[in-house]
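**Student:** Take this structure first; my questions come after.
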Amino acid sequence: MSLTPREWWGIVHGMGLGAVFLLAFAGGLAGLWSFRAELITPEGVRERLRRLVAGTWVMAVTAWVTVVTGTYIVYPWYRAKPPKGADLTLYPRAYLLSQPALKAWHTFGMEWKEHIAWVAPILATAVAYVVARYRRQLAEEDRVRWALIVFFVLAFATAGVAGLLGALITKAAPIR
């Protein structure tokens, strides 16, 4: 079995960065959830804070790298215009638009990925910044911590929908 460079980039973009994103989300969410004054000692605050800051920043950076590689490396191959008479299965966007049953994969799925997916790194960066800026105060500020949890989950959900749509679009019309 061999993979083309385009397929390798698809794997790096979707599965590789997606796995790091998922792990960072799980660590960051667990850290935010348990970062409560009544649950940890002052020594525990220091230890958990390092992991919390690292987890939120890893998720934010991974989200940015995923969106940028998708937008500027993978997406141009998806959007390539076929020459007259070309095999449309080699041109994913053109193929999806030429098939009435598959047209929605482009009109909804790729629109989400092109535009809404950018929300994920923005939200993840906002959470990472607030965690890094307010550090120990978050253990005492439940409302702020809960707001961060909501933004963190929204970042993950937005990226999750984009990832799922990307996998399904790739199944229907792979980039070769």
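**Student:** For the range 3-18, name all the residues that are touching a residue at least 40 places away in the same chain (Cβ under 8 Å) and either assigned to a helix (DSSP H, G or I) or aromatic (Phe, Trp, Tyr) (or both).
**Tutor:** 6, 7, 9, 10, 12, 13, 14, 17, 18
**Student:** If you don't mind, another one. Taking only the range 127-149 into account, find how many residues are open to solvent by 50 Å² or more (accessible area, probe 1.4 Å) and within 15 Å of residue 59 (Cβ to Cβ). Give the steps one after another, and end with the answer.
**Tutor:** From the range 127-149, those open to solvent by 50 Å² or more (accessible area, probe 1.4 Å) are 129, 133-137, 140-144, 146; that's our starting set.
From what is left, the residues that are within 15 Å of residue 59 (Cβ to Cβ) are 129.
Number of matching residues: 1.
**Student:** Still on this structure: Return the only residue of 90, 168 being open to solvent by 80 Å² or more (accessible area, probe 1.4 Å) and more than 14 Å from the chain's Cα centre (by Cα).
**Tutor:** Details: 168 fails: open to solvent by 80 Å² or more (accessible area, probe 1.4 Å).
Sole residue among the options that is open to solvent by 80 Å² or more (accessible area, probe 1.4 Å) and more than 14 Å from the chain's Cα centre (by Cα): 90.
**Student:** Kindly indicate the residue of the range 97-137 that is basic (Lys, Arg) and in a helix (DSSP H, G or I) and also nearest to residue 75 (Cα to Cα) among those meeting that condition. Quick ask: steps written out before the conclusion?
**Tutor:** Quick first cut of the range 97-137, residues basic (Lys, Arg) only: 103, 113, 133, 135-136.
From what's left, in a helix (DSSP H, G or I): 103, 113, 133.
Details: 103: 17, 113: 10, 133: 35 Å.
By that ranking, first place goes to 113.
**Student:** Follow-up. Kindly establish whether residue 51 is in contact with a Gly (Cβ under 9 Å, 6 or more places away or on another chain) and among the basic types (Lys, Arg). Working first, answer last.
**Tutor:** Working: in contact with a Gly (Cβ under 9 Å, 6 or more places away or on another chain): yes; among the basic types (Lys, Arg): yes.
Spelling it out, residue 51 is indeed in contact with a Gly (Cβ under 9 Å, 6 or more places away or on another chain) and among the basic types (Lys, Arg).
**Student:** Here's another thing I want to ask about it. Can you work out which of the residues in the range 10-24 that are farther than 18 Å from residue 168 by Cβ and over 10 Å from the mean Cα position of the chain (by Cα) is least open to solvent (accessible area, probe 1.4 Å)?
**Tutor:** 24
**Student:** Next question. Tell me, please, whether a residue that is open to solvent by 40 Å² or more (accessible area, probe 1.4 Å), assigned to a helix (DSSP H, G or I) and among the aromatic types (Phe, Trp, Tyr) can be found in the range 52-69. Give the steps one after another, and end with the answer.
**Tutor:** Narrowing the range 52-69 to residues open to solvent by 40 Å² or more (accessible area, probe 1.4 Å): 54, 57-58, 61, 64-65, 68.
Subset that is assigned to a helix (DSSP H, G or I): 54, 57-58, 61, 64-65, 68.
Next, from what is left, pick out any that are among the aromatic types (Phe, Trp, Tyr): 57, 64.
Yes, the range 52-69 contains at least one residue that is open to solvent by 40 Å² or more (accessible area, probe 1.4 Å), assigned to a helix (DSSP H, G or I) and among the aromatic types (Phe, Trp, Tyr).
The values are calculated or read from the model by the stated rules, or taken from the named source; none is laboratory data. Worth saying up front: this structure is predicted, and the values here are computed from it rather than measured. A quick note on method: Cβ atoms are made from the backbone with ideal geometry, for glycine too, and the neighbour counts reach across all protein chains shown. For accessibility, only protein heavy atoms count, side chains too; no ligands or nucleic acids. Shrake-Rupley method; radii C 1.70, N 1.55, O 1.52, S 1.80 Å.
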